[in-house]
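Working notes for the structure below.
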Amino acid sequence: MSTSKDKWDWEITSQTSYLGTGLAELWTFRHLLGGLVKRNFLLRYQQTILGPFWILFPPLLTLATYVVVFGKLVGIATGTLPPVLFYFSGIILWSFFSDSFTGTATTFRDNAHLFSKVYFPRIIIPLSIIHTQLYNFLIQFILLLLLIAYYSFFRGLHLPLGLHLLWFPVVMLATALLALGMGLFFSVLTAKYRDMGYVISLGIRLFMYVTPVIYPLATVSEKVRWVVQLNPLSPLFEAFRLSLLGEGTVSAPQLLYSLLFTTVFFCAALLLFNKQGDKLIDVV
């Protein structure tokens, strides 16, 4: 029998809150987060012939396609940068964003069986997906550094190093937050409307073409450049290349717009996710 003197670490009720789970409670589930990241990795690569090499194979195949199609056939200029470095840098950042977004966008639909049986902070699942994709990005990023070293030592490529290197962690954090924010927002929609999954699958493909993945922003016509600049990802991709390769078209106002948009959208999506999280279990 409990008394008024009993103290609880936390209490599970039917009430939902916009603020969701506190940092202290999230910290108690850190081992669950690590276990989910390990599970995601094993489920994807266990019992495969190539194993973790699949992390590198898709971007390398995409790189070869982009170099041949957009570099040779279409003839899209990549400035002073070698097409291999230009395309691969865009590919790995886009893969990190798109895989993180599409993975978190179906959080409730894919984990309804788990949510309905045991309690843990719902945000743990999206965070585990972001962490998994971050590990994949780091492996691909190492390959990008090797390519940069090859072009620097054997092809005479000169990459100016400066303070713009400091933009790299900012870009990565902003990209992760934007992917997580969009994923949290659409996870609520996909739980209520199953056909939203098809919209996301089509929309993420179209979204890539208004993001400077296969072309530099400087090559876009002035008449339509504003469309690309409305995309909050555009300054991040340009700053990403600027930080690593020393070439990118980006300004302080554009970066400020992107960072403000990302922060506001992430906070709004997190509040919606926290408020609707427990209510959606019965809907799914």
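The values are calculated or read from the model by the stated rules, or taken from the named source; none is laboratory data. It should be emphasised that the depicted structure is a prediction, and the values quoted were computed from it without experimental measurement. Because the Cβ atoms are built from the backbone with ideal geometry, glycine has one as well, and the counts that use them run over all protein chains shown. To get the accessible areas, we keep the full protein, side chains included, count just its heavy atoms, and leave off ligands, DNA and RNA. Shrake-Rupley method; radii C 1.70, N 1.55, O 1.52, S 1.80 Å.
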Residue in the range 226-234 that is in a loop (DSSP other than H, G, I, E, B) and open to solvent by 40 Å² or more (accessible area, probe 1.4 Å) present: no
Matching residues, the range 246-257, being surrounded by fewer than 17 Cβ atoms within 10 Å (Cβ to Cβ) and outside any loop (DSSP other than H, G, I, E, B): Ala252, Pro253, Leu256, Tyr257
Residues located in the range 163-196, provided they are open to solvent by 20 Å² or more (accessible area, probe 1.4 Å) and more than 16 Å from the chain's Cα centre (by Cα): Leu163, His164, Leu165, Leu166, Trp167, Leu189, Lys192, Tyr193, Arg194, Asp195, Met196
Only one of Leu134, Leu146 that is of a type outside the set (S, T, N, Q) and without any contact (Cβ under 8 Å) to a residue 24 or more places away in the chain: Leu146
From Phe266, Phe237, residue being within 30 Å of Ile125 (Cα to Cα), modelled with pLDDT of 95 or more and in contact with a Pro (Cβ under 8 Å, 6 or more places away or on another chain): Phe237
Unmet criterion (only one of (1) open to solvent by less than 70 Å² (accessible area, probe 1.4 Å); (2) under 19 Å from Phe70 (Cβ atoms)) for Ser243: (2)
Positions within the range 146-162 being more than 26 Å from Ser98 (Cβ to Cβ) and either of a type in the set (A, V, I, L, M) or modelled with pLDDT of 95 or more (or both), in sequence order: Ala149, Leu157, Leu159, Leu161
Meets criteria (farther than 20 Å from Thr249 by Cβ and touching a helix residue (DSSP H, G or I) at 6+ places or on another chain (Cβ under 7 Å)) for Leu145: no
Residue in the range 81-107 that is farthest from the chain's Cα centre (by Cα), counting only those that are within 17 Å of Leu144 (Cα to Cα) and polar (S, T, N, Q): Ser89
Ser187 in contact (Cβ under 8 Å) with a residue 60 or more places away in the chain, under 30 Å from Thr107 (Cα atoms) and out of contact with any helix residue (DSSP H, G or I) (no Cβ under 6 Å at 6 or more places or on another chain): no
Qualifying residue in the range 122-145 (condition: modelled with pLDDT of 90 or more, crowded, with 19+ Cβ neighbours inside 10 Å and within 21 Å of Val68 (Cα to Cα)): yes
Breaking point among (1) surrounded by 13 or more Cβ atoms within 10 Å (Cβ to Cβ); (2) in contact (Cβ under 8 Å) with a residue 60 or more places away in the chain, for Thr80: (1)
